[in-house]
Amino acid sequence: MLVLDDAIVFLQGGTVASILGTQGAIGAAVHGVQQNKQAKAREAAAAEMTSSQFAGDKRARVMPYGDITEARLEGSGRGRKLVVNTNGSQMHLKYAAKLWPDDDATAFLGSHLGERFSRVTG
């Protein structure tokens, strides 16, 4: 998932890498340091992206903030689940809490969705 300034984009594995020109998954022979550098480079490039770059890609589901009717961030401890509803469909993503700290997620989603966003703990 990418959380962009104009939309949330749910992606199938490898989509960001292929869009950025690095084909396929990183091979098992690549060392952890190289993987970390490549991941940071992809994240930096993704930060400059807009949802229009994913339009029409069958591996991406673009959800503009204006189309989102409700979003909930659920969970406590180490795991989180983000549930996003639009008219007639729902997407969810489970992720480790350390990947997107609650304060950051709540501030960002709250500012983009207002009362359509809620944080559920428990």
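Every number here is computed from the coordinates shown, using simple stated rules; none is lab data. From a predicted model like this one, the values you see are computed outputs, not experimental measurements. Positions of Cβ are generated from backbone atoms using ideal geometry, with glycine treated the same way; all protein chains shown enter the neighbour counts.
Structure values in brief
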| item | result |
| --- | --- |
| Loop-resident sites, the range 67-122, for trypsin sites (Lys or Arg not before Pro), counting at most 10 other Cβ within 10 Å (DSSP) | 78 |
| Nonlocal amide H pairs with residue 69, under 5 Å, H built at 1.01 Å | 85, 86, 87 |
